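In what follows, a single structure is set out as structure tokens and then discussed.
The values are calculated or read from the model by the stated rules, or taken from the named source; none is laboratory data. Note that this is a predicted model, so its numbers are computed, not measured. Because the Cβ atoms are built from the backbone with ideal geometry, glycine has one as well, and the counts that use them run over all protein chains shown.
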Ligand SMILES: [Mg+2]
């Protein structure tokens, strides 16, 4: 159990999430090594998720499919079904919310739960984790692991360092006993990526405990030498993580279901070299993003456009953002702003990757209805109608005439979501 008087926080993480969802859908693959890969037809595609059997062959997430197949020729390769993963993620969130209303999405397959208030109904924290774990497995086929502690940072480190490696998939790391955690190499610390780990090593800090036991003022000094004056906040962040200090609440709707931005990026099948061609893709992406905003009930205040060239050795392109005239989720309005950004910042070089996102989101409900702007209401009604048709009959059922040109990607993409195949 976590310490008395502390909150009881869990971080639940789904094992090999995409791969598990695929296996649940296809029982015939249950005992086979399986990966979900970006583009199964191309060996250069990336492995997005690998099931535990595939991992036992040495297959890892983010490697090239070709490399994975070399390690495991019998690999079952499945293309991603993002809509499915989102649906199952929501289903799992719903299971969590039947035990506590304090559920915060950290990613599509990781959620924080504050069960302090409801625990007495179920027994110990471990018993409750077991109940939830069994239920998720039987209802979705996904195996979830639970890190438990008195705050989010320790729950996360309990899950990553212990629960994932334990047979039960459940581990409690009480704040009063961090001795074991402190012995771990510093790269096991939450937020310590490979670059930061190298920096810690260069500072003579090789375990989590060594970071924790360095007086904060000294750690700040050490980091200033490396990163300059502005690194104090970072120093304090790492110091607090190492010491397991975190008072942040589990806040429903701060991630995932309540995103900071809604965006979409796609890689094009060939270079787009003319402004007109790029604008076609830009419109489609803006439409997709606005449609998603409307579905979620958001408007965005800021629009961002990114264009990148095909030559990754010599990067070209731009990524810029601007405030729109007013918060909106109307495609035409957002598209006008996106075009401005493109016209202003495009360097004229061929483009292979285009992204659009809107941020500074606010609720659709708070829409400042302008009585003099009836056009906007008409647009909104029109777009609500087209969204409905698309939901019912698929994205290809209705689209802007411009998408029928050779540059149009929407027809091809109607089979995909999130740049992935459906
Ligand atoms: Mg996971």
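Can you tell which of 92, 46 is at negative phi and within 16 Å of the ligand (Cβ to nearest atom)? Steps first, please.
On the way: 46 fails: within 16 Å of the ligand (Cβ to nearest atom).
Being at negative phi and within 16 Å of the ligand (Cβ to nearest atom) holds for just one of 92, 46, which is 92.
Quick grid of which residues meet (1) more than 30 Å from residue 209 (Cα to Cα); (2) over 23 Å from the mean Cα position of the chain (by Cα):
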position: 242; (1), (2): no, yes
position: 260; (1), (2): yes, no
position: 266; (1), (2): yes, no
position: 276; (1), (2): yes, yes
position: 282; (1), (2): yes, no
position: 333; (1), (2): yes, yes
position: 338; (1), (2): yes, yes
position: 346; (1), (2): yes, yes
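Find the residue count for the stretch 288-331, including only residues that are in contact with a strand residue (DSSP E or B) (Cβ under 9 Å, 6 or more places away or on another chain), modelled with pLDDT under 85 and under 21 Å from residue 260 (Cβ atoms).
6
Could you name every one of the helices (runs of 4 or more DSSP H) located completely within the stretch 7-113 that has at least 3 residues being within 19 Å of residue 139 (Cβ to Cβ)? Quick ask: steps written out before the conclusion?
Values: elements: 17-25, 52-56, 65-71, 82-97.
The helices (runs of 4 or more DSSP H) meeting that bar are 17-25, 82-97.
For residues in the stretch 107-122 being out of contact with any strand residue (DSSP E or B) (no Cβ under 6 Å at 6 or more places or on another chain) and within 16 Å of the ligand (Cβ to nearest atom), which is farthest from residue 147 (Cα to Cα)?
Only one residue fits best here, namely 108.
Considering only residues that are loosely packed, with under 15 Cβ neighbours inside 10 Å and not in a helix (DSSP H, G or I), which ones fall in the stretch 114-145?
Hits for the stretch 114-145 are 117, 123, 124.
Scan the stretch 63-78 for residues that are touching a strand residue (DSSP E or B) at 6+ places or on another chain (Cβ under 7 Å) and closer than 12 Å to residue 34 by Cβ and jot them down.
68, 75, 76, 77, 78
Which residues, counting only those in the stretch 187-230, are touching a residue at least 40 places away in the same chain (Cβ under 8 Å) and surrounded by 17 or more Cβ atoms within 10 Å (Cβ to Cβ)?
Selection gives 189, 190, 192.
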